[in-house]
Each structure stands twice: as C-alpha cells, then as structure tokens.
Amino acid sequence: MILLGLNIDHCATVRQARYRTAAESTGGAVEPDPVALALVAERAGADGITAHLREDRRHMLDRDIWRLRESIATRLNLEMACTAEMVKLALELKPDSVCLVPESREEITTEGGLDVVGNRERVRDCVAAMNAAGIKTSLFIDPDEPQIELAAELKAPWIELHTGAYANAYFGPERTREFHRLRLGCARGNECGLVVNAGHGINYVNIAEVRTLPHLHELNIGHSIISRALFTGIEEAVGTMKSRMNP
Ligand code: PXP
C-alpha cells in the first residue's frame, strides 16, 4: 500500500488570492478553509496532511498550521525551509514529520530539490534537532546519488524524491530517462536504509507509472487533487487518486 499525503497549500492559495489583505473584520467569511478541507480529505482516505509554511506566508498561515495540529486525526507533515525560524516553530508545533524544502536560490539544485550537498551543515543541524525531538525529517531532493547518500549519512530517516522533472517530461522524449533516474533513486534510497517518498507534479495520468516505482512509502500530491476537487469534490478526488495509487 502506497500512502497518500495530501498537500493542501493550493486551497490556501485560493483563499489568499482574495483575502491576503482582508482585515479581521471579514470575520469567519474567509474561504476556502484549508483546515476544513483537510478534515474532509482525511475522512475520504488521505493518510496524512502536508502543508508548507513558507517564510513569506504566501499561502498557509501560522494559524492554519496550529489549527491543523489540533484538529487532524492522521499525520501532519510540515514542509519548511531549513532556517532557525522554522526549526524553532517546528519544535514548538511538534508535527509528525517535517520535510525540508528549498526556498532561497542558493539552496536549490538545477531541478528544484534541496541541495543537501551544498548546505550540509545547516541540514545536519536541522535533522539532529528534529531527531532529538522525535520528529521525522524528510529531505526533498532530486533523485541523485550524492544527495541521497548524504541524506542517509546525516541521519535523515526519510527522503522525498522530486518527481517534477519526470512530470514535466511526461509527454516528451526525456520521460524514460527521468523515470529511470527515479527508479535508481528509489533503489539507492532503500539500500541506504531510507524511507522513500516522492512528490511534485504527480497527477491522475502519470500515477499509473509513478506507482510502479520500487520501495515507495508515500506520495505527496497537491495540485492535481485540489484541481479535480473543483469538479468532483474532495472526497471523490482523494478516493480516485487512492484507488489509482493502489489498484
Ligand atoms: N512535495 C513537495 C516537497 C512540494 O513542495 C510539493 C509542492 O508544494 C508537493 C509535494 C506537491 O506537488 P504538487 O502540488 O505538484 O502535487
């Protein structure tokens, strides 16, 4: 069984498109509420909820994250930058896991994963702080051996392989090559003793191939599920994705 982590950031993006500068006087009429969406998604079978608290608070807000922590019944996976501010917040919040993602240009590899090799000390310190607090750390990285091996060396228990390059190449000539890289990355991660997750750009079409990757534990999916939910509702969108992940 491959697990589904539902990324709800895009729900908050829609809310912020209207209410970014709204005063508190708008009261409760601030919609759509990503926390309410998460609760329905859990009932529809989502195995965990993923939310990215960006440093610029572009979509999820601090209060969303705290409300999620208080209300969801599954697992909270907090995506965050590897900064002192976010480490402090995570230690207070105590999510079930954190996924370290790049936010500033110097942290990003050419394909968009976290450059663990280039940010070794910062990542090591963050992983150590989370391990000491009993919070699992996942590193969002490209399927490249040096990044994967260093993740294991720094004692991160999980990695999330960036599937964006594969998803972007899906209808082009590079797809086979990108899929092969992901296969090798999953195998290497497993050999290194890491729990292997994947995410970014996964949709209702490419899932048929993504699900055949070896050793997959969990997929974090946001955009395609939230998009489908506009037409079918979040229960159907979650249920259909889960059945395509595990037919
Ligand atoms: N995993 C990580 C680390 C991400 O940053 C994102 C995008 O917010 C996702 C998964 C989900 O990607 P998508 O919205 O394309 O499904």
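Every read-out reported here was derived from the displayed coordinates using simple, explicitly stated rules and does not represent laboratory data. Keep in mind that this is a model prediction, so the values were computed, not measured. Quick reminder, even Gly has a Cβ in these numbers, built from the backbone with ideal geometry, and neighbours come from all protein chains shown.
I need to check one value: relative contact order of the chain, counting alpha carbon pairs closer than 8 Å and at least 6 residues apart, in percent.
On the way: 445 pairs, mean separation 48.8, N = 247.
Answer for the chain is 20 percent.
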> With a 10 Å Cβ neighbour count serving as the proxy for reagent exposure, in which order, fewest first, do Tyr166, Tyr19 appear?
Replying inline: Tyr19, Tyr166
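Could you list His215, His162, His52, His200 in order of exposure, starting from the residue whose Cβ has the fewest other Cβ atoms within 10 Å? Each step should come with its number before you reach the end.
Details: His215 15, His162 27, His52 21, His200 24.
Least to most surrounded, the residues fall as His215, His52, His200, His162.
Expressed in nm², what is the orientationally averaged projection area of the convex hull enclosing the Cα positions of the chain?
Values: hull surface 51.9 nm².
With every direction weighted equally, the projected area is 13.0 nm².
Count of lysine pairs in the chain with Cα atoms under 21 Å apart, counting only pairs 8 or more residues apart in sequence or on different chains?
Numbers: Lys88/Lys136; Lys88/Lys155; Lys94/Lys136; Lys94/Lys155; Lys136/Lys155.
Pairs that pass both the separation and distance tests number 5.
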> What is the dipole size for the chain, taken about its Cα centre, with +1 at each Lys and Arg Cβ and -1 at each Asp and Glu Cβ, in debye to the nearest 20?
Replying inline: 420
> Do the sum for the chain: with -39,500 (n - 2.57) for every DSSP H run of n ≥ 4, divided by all residues, what is the mean residue ellipticity at 222 nm, to the nearest 500 deg cm²/dmol?
Replying inline: -13500 deg cm²/dmol
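Is the stretch 1-120 rounded, prolate or oblate when judged by the Cα gyration tensor, a ≥ b ≥ c being the square roots of its eigenvalues, rounded requiring a/c under 1.5 and prolate requiring a/b larger than b/c? Let's see the in-between values first.
Details: a/c = 1.82, a/b = 1.30, b/c = 1.40.
It is oblate, given that a/c is not under 1.5 and a/b is not larger than b/c.
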>> Under 5 Å between amide hydrogens, which residues at least 5 positions from Val101 or on another chain qualify, with H placed 1.01 Å from N in the peptide plane?
In response: Met80, Ala81, Cys82
> Does the stretch 83-123 come out rounded, prolate or oblate by the C-alpha gyration tensor, with a ≥ b ≥ c the root eigenvalues, rounded set by a/c under 1.5 and, if not, prolate when a/b is larger than b/c and oblate if not?
Replying inline: prolate
> Counting alpha carbon pairs within less than 8 Å and at least 6 residues apart, what relative contact order, in whole percent, applies to the stretch 31-128?
Replying inline: 21
>> Restricted to Cα positions, what overall size does the stretch 31-74 have along the principal axes? Three whole-Å values, descending.
In response: 31, 20, 15
> Counting other C-beta atoms within 10 Å, which of Met80, Met1 has the fewest, and how do the rest follow?
Replying inline: Met1, Met80
> Can you pull the Kirkwood radius for the stretch 94-241, inverse mean 1/r over Cα pairs, to one decimal in Å?
Replying inline: 15.8
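Within 11 Å, Cβ to Cβ, of Pro95, how many net charges do the neighbouring residues add up to if Lys/Arg are +1 and Asp/Glu are -1? Walk me through the intermediate numbers first.
Details: positive: Arg69, Arg75, Lys94, Lys136; negative: Glu79, Glu92, Asp96.
Cβ neighbours under 11 Å give a net charge of +1.
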